[in-house]
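Inspection log for the structure reproduced underneath, given as structure tokens.
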Amino acid sequence: MASYLEQLEYLTKEISDSFPGNDFLISQLITLVTTCPPTFTYVHDPYTTGVTASLVNALISSLSAVDAKSFVPEDDAIPTIASAQVNAVACFTARLFYDTTLNRLAKWHPLWDDGCENWPGGFTGVRYNDSLDGFLHGLRVLHAQLSDDEAGRTPQRSRLKVKAQVRKNTVKMVLIIERAERIKDSLPELLVPLTRLAELSKVDIHTILISQSPWEELKPLMGAAVDPFHLSVRPPSQEDTRRILVSRFPTDGDISAAPHAYHPALLQFYAQYVDALCSICAPFTRDPHELSYVAAAQWPSFVAPVLDAQRDANQFHPIPEDVRMRLLRVFLPSFTAALEALLPRRMHARTWSQTPDVTDGPASDEKGVEMTISSLSTLQKYILLAAFLASSNPPRTDMRMFARSRETRSRRRRGGGTRKAPQRSGSTPAKVPQRLAGPASFPLDRMSAILAVLLEEYDLESRVISKEFTQLGEYTEMELVRVHTSGAITELSAAHLLLRVSPPDRLDGPPMYKCGISYDVALALGRDLRVPMLDLIWEAG
């Protein structure tokens, strides 16, 4: 029978194969947990926090599943590990945190048929989620029960009757908290007690915080918290990321089955596909979870031509090199477009994989925007033109560009003031046009003023004006304050054609927006509404 150390070596190799590039972190954690760990460990990973949390969870769960008594002689004191992993985002209240921690340490699963009762503990009618003292008392009771189970005693035996003695198989608790940076905002009163949990509860418990923020940003003031044992995780290399993505390809399918996207014969082709994906997306993200999401969304469309060629064959033939290079050349632009749409979760991966023109890359986004704009009303189109002009033109040019008459506007734009002497080339840095620098933010009242000018000059003939509006611009001014105009702006914001940059709860000043359409789309809208956009844009060249 293998010894306990041999079992730990096998476990280290197994976890290292599942999480390449983290050998040092795995060996450090196994050594800390199985020997004499510090009471508080802080794992800092600013790059792939989700991967590190999955690694720690898999490692501690595997150590908890090891039966230490079957690998060591009877006179060795090897602890039995009870673990619990808690997400600080999900446990946003103290009661949720207490219940989740005790339930997972005790391996208690609340059932609906039993009224979703939490872990009852050793006494009836005692609640351990009312306060921090109750939680610490629950940890002591749970530790006593787990120790009694290891010693073969009855779990319901009172903790006060357990005499102090050295047990051959002790119990060690491990509490893992991922997304620990959220504790400072949601549960700041628990941050110091968590760093001193072993001291306060008087039990053998090891607290591990996993966060993407450094400890200096979470550390409480006045030095009340214990200094942790730091573990810093380096960013994964491109080769490690590639190995993780390739290892997630399902290889348990039937080799003689009908051709499908995850046929085992396509594993080598998938590895080449992952190489191209990582080489393009590595400058933006190296998180294997995010890249797996993009790879899964893009793979069905990428492999579809190969499956069509193999549809009538009984088995897969080797894919020629020229076919692979041709596919990569066609799909290279779509990798960046998929990353831009899927990384911020603007589109679901299944929806992206079912898009027929996904190989068009960025052009597909423009096509989707044009399809959305074609269904807009005339007022919404004018709002988009006003937003584009407000984002592109400097505010100081509004009086020159939007004067009451076109002759006055052209005359004022030509100007007649003192001309500056031409400067030598290279004396001043070249100015980047606003349409190349990106849209600028503007207040809502400025956009409304430009919208009034556009409606008055280019949409007046298409409207039926009542006889009660006798003054010039009176009807347009009334249209701007109607509910349907505000509703049109809200709908454009929901469609991401208008981008609100100011917080919704801001009360001082008008809301700030940015235009969400491109230069070409604005020109197309101008041609549709017969608005001379090139004459209204300050830097049209």
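The values are calculated or read from the model by the stated rules, or taken from the named source; none is laboratory data. Keep in mind that this is a model prediction, so the values were computed, not measured. Cβ sites come from the backbone with ideal geometry, for glycine too, and all protein chains shown count toward neighbours. Surface accessibility is based on the protein's heavy atoms, side chains included, excluding ligands, DNA and RNA. Shrake-Rupley method; radii C 1.70, N 1.55, O 1.52, S 1.80 Å.
Hey, any hits in the range 510-517 for a residue that's exposed (fewer than 12 other Cβ atoms within 10 Å of the Cβ), assigned by TED's automatic domain parsing to the domain that holds PRO394, outside any helix (DSSP H, G or I) and not hydrophobic (A, V, I, L, M, F, W, C)? Taking every residue of the range 510-517 in turn, none turns out to be exposed (fewer than 12 other Cβ atoms within 10 Å of the Cβ), assigned by TED's automatic domain parsing to the domain that holds PRO394, outside any helix (DSSP H, G or I) and not hydrophobic (A, V, I, L, M, F, W, C).
Filtering the range 475-493 to residues that are without any contact (Cβ under 8 Å) to a residue 12 or more places away in the chain, farther than 18 Å from PRO443 by Cα and not basic (Lys, Arg) leaves MET478, VAL483.
Being at pLDDT below 85 and within 18 Å of the chain's Cα centre (by Cα) narrows it down to one of ALA282, ALA296, ALA309, ALA304, so name that one. If you could, list the steps in order and put the result at the bottom.
Details: ALA296 fails: at pLDDT below 85; ALA309 fails: within 18 Å of the chain's Cα centre (by Cα); ALA304 fails: within 18 Å of the chain's Cα centre (by Cα).
Within the list ALA282, ALA296, ALA309, ALA304, the selection yields ALA282.
As a summary of the residue check, VAL174 satisfies the conditions (1) of a type outside the set (Lys, Arg); (2) outside any helix (DSSP H, G or I); (3) at pLDDT below 90 except for the one numbered (3).
If you go through the range 494-505 and keep only what is open to solvent by 100 Å² or more (accessible area, probe 1.4 Å) and either in contact (Cβ under 8 Å) with a residue 40 or more places away in the chain or in a loop (DSSP other than H, G, I, E, B) (or both), you end up with HIS496, PRO504, ASP505. Among the residues of the range 214-232, not one is farther than 15 Å from PRO37 by Cβ, touching a Pro at 6+ places or on another chain (Cβ under 7 Å) and outside any helix (DSSP H, G or I).
Taking the listed residues LYS161, LYS168, the one that is closer than 17 Å to LEU142 by Cβ, open to solvent by 90 Å² or more (accessible area, probe 1.4 Å) and either of a type in the set (A, V, I, L, M, F, W, C) or modelled with pLDDT under 90 (or both) is LYS161, with no other qualifying. The set of residues in the range 1-49 being charged (D, E, K, R) and crowded, with 18+ Cβ neighbours inside 10 Å consists of ASP45 alone. Once the range 59-86 is narrowed to residues that are open to solvent by 50 Å² or more (accessible area, probe 1.4 Å) and in contact with a Lys or Arg (Cβ under 9 Å, 6 or more places away or on another chain), the residue that is modelled with the highest pLDDT is LYS69. Against the criterion of being surrounded by fewer than 19 Cβ atoms within 10 Å (Cβ to Cβ), modelled with pLDDT of 80 or more and of a type in the set (A, V, I, L, M, F, W, C), LEU105 does not qualify.
Filtering the range 176-199 down to residues that are open to solvent by 70 Å² or more (accessible area, probe 1.4 Å) and touching a residue at least 40 places away in the same chain (Cβ under 8 Å), which residue is farthest from TYR47 (Cα to Cα)? So, considering only residues that are open to solvent by 70 Å² or more (accessible area, probe 1.4 Å) and touching a residue at least 40 places away in the same chain (Cβ under 8 Å), the one farthest from TYR47 (Cα to Cα) is GLU199.
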